[in-house]
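Since the structure comes first, as structure tokens, the remarks are kept for the end.
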Amino acid sequence: MESLVLDATDRRILAILQDDATVAIAEIADRVGLSATPCWKRIKRLEREGVIGKRVAILDRDRLGLGVTVIVAIRTAQHSDDWLQTFAEGVSRIPEVVEFYRMSGEIDYLLKIVARDIADYDRIYRKLTKVAPLHDVSSSFAMQEIKSTTALPLFD
């Protein structure tokens, strides 16, 4: 997929929306030096072109009782398309899996899971291991979150 060329105004609009997607169009326009209609048109273009995928609320995991973050490394002896489809669909149905990647190197899949506590993770782990045959599952518990952001870098 080819990346889109963005001008400085597009990048400023995106930076504002990444920080707070609830900012009113009039305020965004004022902050980037446009009137409301051209600003709104730019945002609509960025949405239409897929640069803005969706606008969401970012929830506080701790306040919701999901204070345990687990990084799970998975190795498998299976690499068929059918196995991958079964595995991907099964893992995607586990709501506590918030990130899921197919990797290169020694690890085949990497998952980020949020849980209430260790017992809750054990429940999730048992669900995970029933999805498809796995060779090795290694879980690491985050001791401290040092950086976590949804904001992407917007270079000139």
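Points worth noting:
- Comparing Leu4, Ile43, Leu66 along the charge dipole axis of the chain, the residue lying farthest to the positive side is Ile43, per the Cβ-charge model.
- Converting phi to 3J(HN,Hα) with the Karplus coefficients 6.51, -1.76 and 1.60 and the offset θ = phi - 60°, region 43-59 yields 4, 4, 5, 5, 5, 4, 7, x, 5, 9, x, 5, 10, 9, 9, 9, 8 Hz in sequence order, with x at every glycine or proline.
- Inverse mean reciprocal Cα-Cα distance (Kirkwood Rh) of region 1-72, Å: 14.1 Å
- Helical contribution to [θ] at 222 nm, DSSP H n ≥ 4, -39,500 (n - 2.57), averaged over the chain, rounded to 500: -11500 deg cm²/dmol
- Here the chain is treated with +1 on each Lys and Arg Cβ and -1 on each Asp and Glu Cβ, and its dipole about the Cα centre works out to around 380 debye.
- Neighbour cut-off at most 14 other Cβ (10 Å), DSSP loop, GluC sites (Glu not before Pro), region 51-129: Glu106
- In summary, the lysines within cross-link reach of Lys147, defined as a Cα separation below 24 angstrom excluding same-chain residues under 8 places away, comprise Lys54, Lys112.
- When Val70, Val98 are compared by accessible area of protein heavy atoms, the largest-first order is Val98, Val70, using a 1.4 Å probe.
- Probe 1.4 Å - accessible area at Thr86, Å² to nearest ten: 70 Å²
- Within region 79-156, trypsin sites (Lys or Arg not before Pro) in DSSP loop having at most 12 other beta-carbon neighbours inside 10 Å: Arg93, Lys147
- Only Cα sites of the chain enter the Debye sum here, all with the same form factor; the resulting log10 I(q)/I(0) across q = 0.09, 0.13 1/Å is -0.45, -0.80, listed in q order.
- Surface accessible to a 1.4 Å probe, Tyr125 within the full protein complex, Å²: 80 Å²
- Accessible surface of Asp20 - all protein chains present, 1.4 Å probe, nearest 10 Å²: 60 Å²
- Region 76-139, dipole about Cα centre (Lys/Arg Cβ +1, Asp/Glu Cβ -1), debye to the nearest 20: 240 debye
- 1.4 Å probe accessible area per residue over the chain, in Å²: 70 Å²
- When Ile58, Ile107, Ile118 are compared by accessible surface with a 1.4 Å probe, the order from highest to lowest is Ile58, Ile118, Ile107.
- The apolar share of the surface of region 7-52, taken as the fraction of accessible area on carbon and sulfur atoms (1.4 Å probe, ligands and nucleic acids excluded), comes to 51 percent.
The values are calculated or read from the model by the stated rules, or taken from the named source; none is laboratory data. Fair warning: this is a prediction, and the values are worked out from it, not measured in the lab. Cβ atoms come from the backbone with ideal geometry, glycine included; neighbour counts cover every protein chain shown. Accessible surface is based on the protein model in full, side chains and every heavy atom, while ligands, DNA and RNA are left aside. Shrake-Rupley method; radii C 1.70, N 1.55, O 1.52, S 1.80 Å.
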